[in-house]
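First comes the structure, then the notes that go with it.
The values are calculated or read from the model by the stated rules, or taken from the named source; none is laboratory data. Computed from a predicted model, the values in this text were never measured in an experiment. Neighbour counts run over all protein chains shown; Cβ positions are idealised from the backbone, glycine included.
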(Lines give C-alpha, C1' and ligand atoms only; values in the text may rest on other atoms or scores of the structure.)
Protein backbone atom coordinates (compact mmCIF):
# COMPACT_ATOMS: atom_id res chain seq x y z
CA UNK A 1 0.00 0.00 0.00
CA UNK A 2 2.77 2.41 0.92
CA UNK A 3 4.55 1.63 -2.32
CA UNK A 4 1.40 2.41 -4.27
CA UNK A 5 0.95 5.67 -2.41
CA UNK A 6 4.56 6.59 -3.08
CA UNK A 7 4.06 6.05 -6.79
CA UNK A 8 0.84 8.05 -6.72
CA UNK A 9 2.44 10.98 -4.95
CA UNK A 10 5.33 10.94 -7.37
CA UNK A 11 2.83 11.13 -10.20
CA UNK A 12 0.91 13.92 -8.48
CA UNK A 13 4.04 15.99 -8.03
CA UNK A 14 5.14 15.46 -11.61
CA UNK A 15 4.64 18.54 -13.71
CA UNK A 16 3.76 18.16 -17.44
CA UNK A 17 6.75 19.38 -19.35
CA UNK A 18 4.79 20.23 -22.47
CA UNK A 19 1.21 21.40 -22.82
CA UNK A 20 -0.63 21.84 -26.09
CA UNK A 21 -3.60 24.15 -25.61
CA UNK A 22 -5.43 24.76 -22.39
CA UNK A 23 -5.97 21.06 -21.65
CA UNK A 24 -2.62 19.82 -22.94
CA UNK A 25 -1.61 17.09 -25.36
CA UNK A 26 -3.99 14.59 -23.81
CA UNK A 27 -6.90 17.01 -23.66
CA UNK A 28 -9.66 14.41 -23.84
CA UNK A 29 -8.33 12.50 -20.84
CA UNK A 30 -7.66 15.76 -18.98
CA UNK A 31 -11.24 16.98 -19.47
CA UNK A 32 -12.65 13.54 -18.63
CA UNK A 33 -10.95 13.29 -15.27
CA UNK A 34 -11.65 16.91 -14.45
CA UNK A 35 -15.31 16.14 -15.04
CA UNK A 36 -15.20 12.91 -13.00
CA UNK A 37 -13.66 14.34 -9.84
CA UNK A 38 -15.78 17.51 -10.05
CA UNK A 39 -18.95 15.47 -10.15
CA UNK A 40 -17.90 13.48 -7.10
CA UNK A 41 -17.16 16.71 -5.23
CA UNK A 42 -20.64 17.98 -6.07
CA UNK A 43 -21.93 14.82 -4.42
CA UNK A 44 -19.63 15.54 -1.44
CA UNK A 45 -17.89 12.22 -1.98
CA UNK A 46 -14.24 13.11 -1.42
CA UNK A 47 -13.13 9.50 -1.15
CA UNK A 48 -14.33 8.83 -4.68
CA UNK A 49 -13.09 12.19 -5.98
CA UNK A 50 -9.46 11.80 -4.96
CA UNK A 51 -8.62 9.12 -7.54
CA UNK A 52 -9.88 10.96 -10.65
CA UNK A 53 -8.43 14.19 -9.26
CA UNK A 54 -5.00 12.55 -9.21
CA UNK A 55 -5.50 11.51 -12.82
CA UNK A 56 -6.53 15.03 -13.79
CA UNK A 57 -3.62 16.56 -11.93
CA UNK A 58 -1.13 14.23 -13.63
CA UNK A 59 -2.60 14.63 -17.13
CA UNK A 60 -3.67 18.28 -17.26
CA UNK A 61 -1.43 21.34 -17.49
CA UNK A 62 -1.44 23.43 -14.31
CA UNK A 63 -3.09 26.20 -16.31
CA UNK A 64 -6.00 23.99 -17.29
CA UNK A 65 -7.97 24.82 -14.17
CA UNK A 66 -7.29 26.93 -11.10
CA UNK A 67 -10.02 25.06 -9.30
CA UNK A 68 -8.15 21.82 -9.91
CA UNK A 69 -5.33 23.11 -7.71
CA UNK A 70 -7.57 24.43 -4.93
CA UNK A 71 -9.75 21.32 -5.01
CA UNK A 72 -6.67 19.15 -4.79
CA UNK A 73 -5.55 20.92 -1.63
CA UNK A 74 -9.00 20.41 -0.16
CA UNK A 75 -8.85 16.69 -0.95
CA UNK A 76 -5.34 16.40 0.52
CA UNK A 77 -6.51 18.04 3.76
CA UNK A 78 -9.41 15.60 3.98
CA UNK A 79 -7.15 12.61 3.30
CA UNK A 80 -4.68 13.86 5.92
CA UNK A 81 -7.37 13.68 8.60
CA UNK A 82 -8.27 10.12 7.70
CA UNK A 83 -4.86 8.58 8.24
CA UNK A 84 -2.52 8.36 11.22
CA UNK A 85 0.51 7.22 9.20
CA UNK A 86 3.06 10.01 9.64
CA UNK A 87 4.84 9.31 6.33
CA UNK A 88 1.60 9.29 4.37
CA UNK A 89 0.51 12.47 6.13
CA UNK A 90 3.79 14.10 5.21
CA UNK A 91 3.13 13.22 1.57
CA UNK A 92 -0.24 14.96 1.70
CA UNK A 93 1.27 18.06 3.26
CA UNK A 94 4.13 18.18 0.76
CA UNK A 95 1.57 18.02 -2.04
CA UNK A 96 -0.44 20.87 -0.52
CA UNK A 97 2.67 23.03 -0.32
CA UNK A 98 3.78 22.12 -3.84
CA UNK A 99 0.42 23.23 -5.15
CA UNK A 100 0.79 26.58 -3.38
CA UNK A 101 4.01 27.15 -5.34
CA UNK A 102 2.16 26.35 -8.57
CA UNK A 103 -0.69 28.69 -7.68
CA UNK A 104 1.77 31.53 -7.07
CA UNK A 105 3.65 30.85 -10.32
CA UNK A 106 0.70 30.39 -12.66
CA UNK A 107 -2.04 32.43 -10.96
CA UNK A 108 -0.22 35.48 -9.55
CA UNK A 109 -3.35 37.64 -9.45
CA UNK A 110 -4.51 35.66 -6.43
CA UNK A 111 -1.14 35.77 -4.69
CA UNK A 112 -2.29 37.49 -1.48
CA UNK A 113 -5.03 34.95 -0.83
CA UNK A 114 -2.74 32.08 -1.83
CA UNK A 115 0.10 33.16 0.44
CA UNK A 116 -2.16 33.83 3.42
CA UNK A 117 -3.66 30.36 3.04
CA UNK A 118 -0.19 28.90 2.75
CA UNK A 119 0.68 30.49 6.10
CA UNK A 120 -2.43 28.96 7.66
CA UNK A 121 -1.52 25.49 6.39
CA UNK A 122 2.14 25.84 7.34
CA UNK A 123 1.08 26.65 10.88
CA UNK A 124 -1.70 24.04 10.95
CA UNK A 125 0.53 21.18 9.81
CA UNK A 126 3.75 22.37 11.42
CA UNK A 127 5.47 22.33 8.04
CA UNK A 128 9.22 22.98 8.37
CA UNK A 129 8.78 23.26 12.13
CA UNK A 130 11.99 21.34 12.67
CA UNK A 131 13.80 23.49 10.12
CA UNK A 132 13.39 27.03 11.52
CA UNK A 133 15.70 28.72 9.02
CA UNK A 134 13.67 27.34 6.11
CA UNK A 135 10.42 28.21 7.89
CA UNK A 136 11.70 31.76 8.46
CA UNK A 137 12.54 32.12 4.75
CA UNK A 138 9.08 30.85 3.78
CA UNK A 139 7.19 33.15 6.15
CA UNK A 140 9.36 36.03 4.97
CA UNK A 141 8.43 35.20 1.38
CA UNK A 142 4.76 35.15 2.38
CA UNK A 143 5.14 38.48 4.21
CA UNK A 144 6.87 40.13 1.26
CA UNK A 145 4.07 38.99 -1.04
CA UNK A 146 1.21 40.10 1.22
CA UNK A 147 2.56 43.17 3.05
CA UNK A 148 -0.19 45.06 4.86
CA UNK A 149 -2.76 42.53 3.56
CA UNK A 150 -1.21 39.62 5.42
CA UNK A 151 -3.08 37.71 8.10
CA UNK A 152 -2.14 38.50 11.70
CA UNK A 153 -0.66 34.97 11.83
CA UNK A 154 1.99 35.90 9.24
CA UNK A 155 3.31 38.82 11.31
CA UNK A 156 3.40 36.86 14.55
CA UNK A 157 5.08 33.76 13.07
CA UNK A 158 7.70 35.78 11.20
CA UNK A 159 8.60 37.76 14.33
CA UNK A 160 8.65 34.59 16.41
CA UNK A 161 11.04 32.86 14.01
CA UNK A 162 13.20 35.96 13.63
CA UNK A 163 13.69 36.40 17.38
CA UNK A 164 14.16 32.66 17.97
CA UNK A 165 16.87 32.49 15.32
CA UNK A 166 18.55 35.50 16.93
CA UNK A 167 18.55 33.75 20.32
CA UNK A 168 20.24 30.77 18.65
CA UNK A 169 22.83 33.04 16.96
CA UNK A 170 21.42 32.13 13.55
CA UNK A 171 20.28 35.66 12.72
CA UNK A 172 21.92 39.02 13.37
CA UNK A 173 20.49 41.87 15.44
CA UNK A 174 20.27 44.18 12.42
CA UNK A 175 18.10 41.69 10.54
CA UNK A 176 15.77 41.22 13.49
CA UNK A 177 15.43 44.99 13.85
CA UNK A 178 14.74 45.25 10.11
CA UNK A 179 12.11 42.51 10.40
CA UNK A 180 10.47 44.27 13.35
CA UNK A 181 10.41 47.59 11.50
CA UNK A 182 8.88 46.09 8.36
CA UNK A 183 6.31 44.07 10.30
CA UNK A 184 5.31 47.05 12.43
CA UNK A 185 4.86 49.28 9.39
CA UNK A 186 2.71 46.63 7.72
CA UNK A 187 0.56 46.17 10.82
CA UNK A 188 0.09 49.92 11.18
CA UNK A 189 -0.96 50.16 7.52
CA UNK A 190 -3.37 47.27 8.00
CA UNK A 191 -4.94 48.91 11.06
CA UNK A 192 -5.16 52.25 9.26
CA UNK A 193 -7.19 50.54 6.55
CA UNK A 194 -9.37 48.63 9.01
CA UNK A 195 -9.29 48.37 12.78
CA UNK A 196 -9.30 44.77 13.92
CA UNK A 197 -8.91 43.22 17.37
CA UNK A 198 -6.89 40.24 16.11
CA UNK A 199 -4.48 42.60 14.41
CA UNK A 200 -4.24 44.71 17.58
CA UNK A 201 -3.30 41.58 19.50
CA UNK A 202 -0.73 40.67 16.84
CA UNK A 203 0.75 44.15 17.18
CA UNK A 204 1.17 43.67 20.93
CA UNK A 205 2.57 40.16 20.50
CA UNK A 206 5.15 41.36 17.96
CA UNK A 207 6.24 44.20 20.28
CA UNK A 208 6.51 41.83 23.24
CA UNK A 209 8.63 39.32 21.32
CA UNK A 210 10.95 42.06 20.12
CA UNK A 211 11.31 43.61 23.57
CA UNK A 212 12.02 40.21 25.15
CA UNK A 213 14.56 38.93 22.63
CA UNK A 214 17.55 40.79 24.08
CA UNK A 215 18.09 43.27 21.24
CA UNK A 216 16.18 46.13 22.79
CA UNK A 217 19.05 48.14 24.28
CA UNK A 218 18.54 51.90 24.47
CA UNK A 219 20.93 52.50 21.59
CA UNK A 220 19.19 49.96 19.37
CA UNK A 221 15.74 51.23 20.27
CA UNK A 222 16.68 54.85 19.62
CA UNK A 223 18.14 53.89 16.27
CA UNK A 224 14.97 51.99 15.44
CA UNK A 225 12.34 54.34 16.85
CA UNK A 226 13.74 57.78 15.99
CA UNK A 227 13.00 57.56 12.25
CA UNK A 228 9.63 55.97 13.04
CA UNK A 229 8.75 58.91 15.29
CA UNK A 230 10.07 61.51 12.85
CA UNK A 231 8.01 60.00 10.04
CA UNK A 232 4.77 60.22 12.07
CA UNK A 233 5.27 62.66 14.98
CA UNK A 234 1.52 63.28 15.26
CA UNK A 235 0.34 59.68 15.01
CA UNK A 236 -1.03 58.57 18.37
CA UNK A 237 -0.35 54.85 17.86
CA UNK A 238 3.26 55.60 16.94
CA UNK A 239 3.66 57.79 20.00
CA UNK A 240 2.23 55.13 22.29
CA UNK A 241 4.52 52.49 20.82
CA UNK A 242 7.60 54.70 21.27
CA UNK A 243 6.67 55.54 24.85
CA UNK A 244 5.86 51.94 25.73
CA UNK A 245 9.05 50.47 24.27
CA UNK A 246 11.43 53.09 25.64
CA UNK A 247 9.73 52.89 29.01
CA UNK A 248 10.03 49.08 29.07
CA UNK A 249 13.75 49.35 28.30
CA UNK A 250 14.20 52.11 30.93
CA UNK A 251 15.40 54.58 28.28
CA UNK A 252 13.80 57.47 30.14
CA UNK A 253 16.66 59.93 29.82
CA UNK A 254 16.49 60.15 26.03
CA UNK A 255 15.20 63.26 24.29
CA UNK A 256 13.05 61.03 22.10
CA UNK A 257 11.18 59.69 25.12
CA UNK A 258 10.47 63.18 26.41
CA UNK A 259 9.32 64.37 22.98
CA UNK A 260 7.06 61.37 22.53
CA UNK A 261 5.46 61.68 25.96
CA UNK A 262 4.91 65.43 25.51
CA UNK A 263 3.38 64.88 22.08
CA UNK A 264 1.18 62.10 23.46
CA UNK A 265 0.06 64.35 26.30
CA UNK A 266 -0.81 67.14 23.83
CA UNK A 267 -3.05 64.66 22.00
CA UNK A 268 -4.40 62.91 25.06
CA UNK A 269 -4.00 64.99 28.23
CA UNK A 270 -4.65 62.09 30.56
CA UNK A 271 -3.71 61.77 34.20
CA UNK A 272 -1.36 58.86 33.54
CA UNK A 273 0.49 60.69 30.76
CA UNK A 274 0.85 63.81 32.89
CA UNK A 275 2.29 61.66 35.66
CA UNK A 276 4.86 60.26 33.22
CA UNK A 277 5.90 63.80 32.39
CA UNK A 278 6.19 64.62 36.09
CA UNK A 279 8.56 61.67 36.51
CA UNK A 280 10.63 62.79 33.51
CA UNK A 281 11.02 66.37 34.70
CA UNK A 282 11.74 65.20 38.24
CA UNK A 283 14.43 62.92 36.84
CA UNK A 284 15.97 65.92 35.09
CA UNK A 285 15.79 67.98 38.34
CA UNK A 286 13.41 70.43 36.66
CA UNK A 287 11.24 71.15 39.71
CA UNK A 288 9.00 73.69 37.95
CA UNK A 289 8.18 71.22 35.18
CA UNK A 290 7.75 68.36 37.64
CA UNK A 291 5.32 70.28 39.85
CA UNK A 292 3.40 71.53 36.83
CA UNK A 293 2.76 68.06 35.45
CA UNK A 294 2.06 66.44 38.80
CA UNK A 295 -0.61 69.09 39.29
CA UNK A 296 -1.84 68.27 35.78
CA UNK A 297 -2.04 64.59 36.74
CA UNK A 298 -4.24 65.61 39.66
CA UNK A 299 -6.37 68.02 37.65
CA UNK A 300 -7.00 65.61 34.77
CA UNK A 301 -7.95 62.73 37.06
CA UNK A 302 -11.66 61.91 36.97
CA UNK A 303 -11.53 61.18 40.70
CA UNK A 304 -12.87 57.64 40.38
CA UNK A 305 -9.67 56.14 41.77
CA UNK A 306 -9.49 57.90 45.13
CA UNK A 307 -6.42 55.98 46.30
CA UNK A 308 -4.52 56.95 43.15
CA UNK A 309 -5.50 60.59 43.54
CA UNK A 310 -4.45 60.57 47.20
CA UNK A 311 -1.08 59.10 46.20
CA UNK A 312 -0.61 61.92 43.68
CA UNK A 313 -1.29 64.51 46.38
CA UNK A 314 1.06 62.76 48.77
CA UNK A 315 3.79 62.70 46.13
CA UNK A 316 3.16 66.36 45.32
CA UNK A 317 3.51 67.26 48.99
CA UNK A 318 6.74 65.32 49.36
CA UNK A 319 8.22 66.75 46.13
CA UNK A 320 7.30 70.34 47.01
CA UNK A 321 8.99 69.95 50.38
CA UNK A 322 12.11 68.06 49.39
CA UNK A 323 12.80 69.40 45.88
CA UNK A 324 10.77 72.49 45.03
CA UNK A 325 11.21 74.23 48.39
CA UNK A 326 7.55 75.25 48.59
CA UNK A 327 6.44 74.39 52.12
CA UNK A 328 2.99 75.95 51.89
CA UNK A 329 2.16 73.95 48.75
CA UNK A 330 3.61 70.83 50.38
CA UNK A 331 1.39 71.20 53.47
CA UNK A 332 -1.70 71.90 51.36
CA UNK A 333 -1.10 68.79 49.23
CA UNK A 334 -0.46 66.58 52.27
CA UNK A 335 -3.68 67.77 53.90
CA UNK A 336 -5.58 66.90 50.72
CA UNK A 337 -4.07 63.41 50.71
CA UNK A 338 -5.14 62.91 54.33
CA UNK A 339 -8.62 64.15 53.51
CA UNK A 340 -9.02 61.78 50.56
CA UNK A 341 -7.74 58.54 52.06
CA UNK A 342 -7.29 57.18 55.56
CA UNK A 343 -4.45 55.07 54.22
CA UNK A 344 -2.39 58.21 53.62
CA UNK A 345 -3.44 60.12 56.71
CA UNK A 346 -0.57 58.99 58.95
CA UNK A 347 2.13 59.67 56.36
CA UNK A 348 0.56 62.99 55.43
CA UNK A 349 0.51 64.17 59.07
CA UNK A 350 4.10 63.00 59.57
CA UNK A 351 5.15 65.02 56.53
CA UNK A 352 3.35 68.14 57.76
CA UNK A 353 4.92 67.75 61.20
CA UNK A 354 8.36 67.37 59.60
CA UNK A 355 7.83 70.50 57.49
CA UNK A 356 6.87 72.55 60.54
CA UNK A 357 9.71 71.06 62.56
CA UNK A 358 12.33 72.04 59.96
CA UNK A 359 10.97 75.52 59.29
CA UNK A 360 13.00 78.34 60.80
CA UNK A 361 10.85 81.16 62.16
CA UNK A 362 11.98 84.60 63.22
CA UNK A 363 10.69 86.77 66.04
CA UNK A 364 10.85 86.69 69.80
CA UNK A 365 11.47 83.80 72.14
CA UNK A 366 7.95 82.44 71.58
CA UNK A 367 7.53 83.16 67.86
CA UNK A 368 10.83 81.52 66.97
CA UNK A 369 9.86 78.29 68.76
CA UNK A 370 6.08 78.11 68.34
CA UNK A 371 6.46 76.11 65.13
CA UNK A 372 7.58 73.15 67.24
CA UNK A 373 4.18 73.08 68.91
CA UNK A 374 2.58 72.60 65.50
CA UNK A 375 5.16 69.99 64.52
CA UNK A 376 4.45 68.10 67.77
CA UNK A 377 0.69 68.23 67.08
CA UNK A 378 1.03 66.62 63.67
CA UNK A 379 3.49 63.84 64.51
CA UNK A 380 1.25 62.90 67.43
CA UNK A 381 -1.74 62.76 65.09
CA UNK A 382 0.36 60.69 62.65
CA UNK A 383 0.87 57.78 65.06
CA UNK A 384 -2.79 57.90 66.06
CA UNK A 385 -3.75 57.53 62.38
CA UNK A 386 -1.14 54.86 61.57
CA UNK A 387 0.28 52.69 64.36
CA UNK A 388 3.17 51.59 62.14
CA UNK A 389 4.55 55.15 62.44
CA UNK A 390 4.64 55.12 66.24
CA UNK A 391 8.39 54.71 66.65
CA UNK A 392 9.26 57.36 64.06
CA UNK A 393 6.62 59.76 65.37
CA UNK A 394 7.76 59.36 69.00
CA UNK A 395 11.35 60.13 68.04
CA UNK A 396 10.32 63.31 66.26
CA UNK A 397 7.96 64.32 69.08
CA UNK A 398 10.81 64.04 71.59
CA UNK A 399 13.03 66.09 69.30
CA UNK A 400 10.45 68.87 68.98
CA UNK A 401 9.65 68.93 72.70
CA UNK A 402 13.28 69.78 73.35
CA UNK A 403 12.72 73.11 71.57
CA UNK A 404 9.58 74.14 73.50
CA UNK A 405 9.99 77.57 75.19
CA UNK A 406 10.41 77.64 78.97
CA UNK A 407 7.67 78.66 81.40
CA UNK A 408 9.43 81.91 82.21
CA UNK A 409 9.52 82.89 78.53
CA UNK A 410 5.83 82.08 78.15
CA UNK A 411 5.00 84.05 81.30
CA UNK A 412 6.81 87.09 79.91
CA UNK A 413 4.40 87.05 76.92
CA UNK A 414 1.36 86.34 79.05
CA UNK A 415 1.01 82.75 77.76
CA UNK A 416 0.02 79.67 79.74
CA UNK A 417 -0.01 75.97 78.97
CA UNK A 418 -3.11 74.86 77.09
CA UNK A 419 -3.82 78.28 75.67
CA UNK A 420 -4.69 78.54 71.94
CA UNK A 421 -2.02 80.17 69.83
CA UNK A 422 -1.83 80.99 66.10
CA UNK A 423 1.57 80.49 64.53
CA UNK A 424 2.53 82.43 61.40
CA UNK A 425 5.86 81.51 59.91
CA UNK A 426 6.63 82.61 56.38
CA UNK A 427 3.85 81.24 54.21
CA UNK A 428 2.62 78.81 56.86
CA UNK A 429 -0.15 79.52 59.35
CA UNK A 430 -1.65 77.14 61.90
CA UNK A 431 -3.45 77.31 65.24
CA UNK A 432 -1.95 75.20 68.02
CA UNK A 433 -1.70 74.90 71.82
CA UNK A 434 0.90 76.53 74.07
CA UNK A 435 3.26 74.08 75.73
CA UNK A 436 6.32 74.84 77.80
CA UNK A 437 9.42 72.80 78.46
CA UNK A 438 9.33 70.81 81.68
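Table: residues versus (1) closer than 15 Å to residue 334 by Cβ; (2) buried (at least 24 other Cβ atoms within 10 Å of the Cβ); (3) over 44 Å from the mean Cα position of the chain (by Cα).
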| position | (1), (2), (3) |
| --- | --- |
| 362 | no, no, yes |
| 371 | no, yes, yes |
| 381 | yes, no, no |
| 392 | no, no, no |
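Would you check if residue 342 is out of contact with any helix residue (DSSP H, G or I) (no Cβ under 8 Å at 6 or more places or on another chain), surrounded by fewer than 23 Cβ atoms within 10 Å (Cβ to Cβ) and at pLDDT 95 or above? Step through it out loud before you land on a result.
Numbers: out of contact with any helix residue (DSSP H, G or I) (no Cβ under 8 Å at 6 or more places or on another chain): no; surrounded by fewer than 23 Cβ atoms within 10 Å (Cβ to Cβ): yes; at pLDDT 95 or above: yes.
No.
Considering the stretch 162-172 alone, what residues qualify as being surrounded by fewer than 16 Cβ atoms within 10 Å (Cβ to Cβ) and on the phi < 0 side of the Ramachandran plot? Give the steps one after another, and end with the answer.
Of the stretch 162-172, the ones surrounded by fewer than 16 Cβ atoms within 10 Å (Cβ to Cβ) are 167-170, 172.
Correct list: 167, 168, 170, 172.
Here's the yes/no breakdown for (1) within 30 Å of residue 211 (Cα to Cα); (2) in the same structural domain as residue 211 (by TED's automatic domain parsing); (3) surrounded by 14 or more Cβ atoms within 10 Å (Cβ to Cβ); (4) in contact with a strand residue (DSSP E or B) (Cβ under 9 Å, 6 or more places away or on another chain):
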position	(1), (2), (3), (4)
64	no, no, yes, no
71	no, no, yes, no
87	no, no, no, no
130	yes, yes, no, no
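Checking the conditions here, which among 125, 107 is farther than 17 Å from residue 157 by Cα, touching a helix residue (DSSP H, G or I) at 6+ places or on another chain (Cβ under 7 Å) and touching a residue at least 24 places away in the same chain (Cβ under 8 Å)? I'd like the intermediate steps shown before the answer.
Numbers: 125 fails: farther than 17 Å from residue 157 by Cα.
It is 107.
Anything in the stretch 233-250 that is buried (at least 16 other Cβ atoms within 10 Å of the Cβ) and either under 22 Å from residue 311 (Cβ atoms) or more than 15 Å from the chain's Cα centre (by Cα) (or both)? List them, or say none.
235, 243
Which of the residues belonging to the stretch 286-301 are without any contact (Cβ under 8 Å) to a residue 24 or more places away in the chain and not in a helix (DSSP H, G or I)?
Scanning the stretch 286-301 gives a single hit, 286.
Just one of 135, 145 is in contact (Cβ under 8 Å) with a residue 24 or more places away in the chain and farther than 23 Å from residue 89 by Cβ; which is it? Spell out the reasoning first.
Numbers: 135 fails: farther than 23 Å from residue 89 by Cβ.
After applying the criteria, what remains is 145.
Any residue in the stretch 42-64 that is within 18 Å of residue 151 (Cβ to Cβ) and part of a helix (DSSP H, G or I)?
Step one: list which residues in the stretch 42-64 are within 18 Å of residue 151 (Cβ to Cβ), which gives none.
No; the residues of the stretch 42-64 include none that is within 18 Å of residue 151 (Cβ to Cβ) and part of a helix (DSSP H, G or I).
For residue 198, which of the numbered conditions (1) surrounded by 14 or more Cβ atoms within 10 Å (Cβ to Cβ); (2) modelled with pLDDT of 90 or more fails to hold?
(1)
Which members of the stretch 68-80 meet the condition of being under 16 Å from residue 44 (Cα atoms) and under 43 Å from the mean Cα position of the chain (by Cα)? Steps first, answer last, please.
Taking the stretch 68-80 as the starting set, the residues that turn out to be under 16 Å from residue 44 (Cα atoms) are 68, 70-79.
Residues satisfying the conditions are 70, 71, 72, 73, 74, 75, 76, 77, 78, 79.
What number of residues in the stretch 134-172 are more than 14 Å from residue 202 (Cα to Cα) and part of a loop (DSSP other than H, G, I, E, B)?
Residues meeting the conditions: 5.
Output the number of the condition that residue 95 fails; it satisfies all remaining conditions of (1) farther than 28 Å from residue 228 by Cα; (2) free of Cβ contacts under 8 Å to residues at least 60 places away in the same chain.
Status for residue 95: all satisfied but (2).
So if I check each of 102, 175, which one is within 24 Å of the chain's Cα centre (by Cα), surrounded by fewer than 21 Cβ atoms within 10 Å (Cβ to Cβ) and either on the phi < 0 side of the Ramachandran plot or not in a helix (DSSP H, G or I) (or both)? Please lay out each step first, then the result.
On the way: 102 fails: within 24 Å of the chain's Cα centre (by Cα).
Just a single option satisfies the conditions, and that option is 175.
Evaluate the following for residue 307: is it more than 28 Å from residue 426 (Cα to Cα) and touching a residue at least 24 places away in the same chain (Cβ under 8 Å)? Give the steps one after another, and end with the answer.
Details: more than 28 Å from residue 426 (Cα to Cα): yes; touching a residue at least 24 places away in the same chain (Cβ under 8 Å): yes.
For residue 307, the condition - more than 28 Å from residue 426 (Cα to Cα) and touching a residue at least 24 places away in the same chain (Cβ under 8 Å) - is met.
Take the stretch 415-426 and flag every residue that is within 19 Å of residue 349 (Cα to Cα) and surrounded by 12 or more Cβ atoms within 10 Å (Cβ to Cβ).
In the first step, residues of the stretch 415-426 are kept if they are within 19 Å of residue 349 (Cα to Cα); the result is 422-425.
Hits for the stretch 415-426 are 423, 424, 425.
Taking residue 191 as the residue in question, decide whether it is surrounded by 13 or more Cβ atoms within 10 Å (Cβ to Cβ), over 21 Å from residue 231 (Cβ atoms) and either in contact with a helix residue (DSSP H, G or I) (Cβ under 8 Å, 6 or more places away or on another chain) or touching a residue at least 12 places away in the same chain (Cβ under 8 Å) (or both). Outline the logic, then answer.
On the way: surrounded by 13 or more Cβ atoms within 10 Å (Cβ to Cβ): yes; over 21 Å from residue 231 (Cβ atoms): no; either in contact with a helix residue (DSSP H, G or I) (Cβ under 8 Å, 6 or more places away or on another chain) or touching a residue at least 12 places away in the same chain (Cβ under 8 Å) (or both): yes.
For residue 191, the condition - surrounded by 13 or more Cβ atoms within 10 Å (Cβ to Cβ), over 21 Å from residue 231 (Cβ atoms) and either in contact with a helix residue (DSSP H, G or I) (Cβ under 8 Å, 6 or more places away or on another chain) or touching a residue at least 12 places away in the same chain (Cβ under 8 Å) (or both) - is not met.
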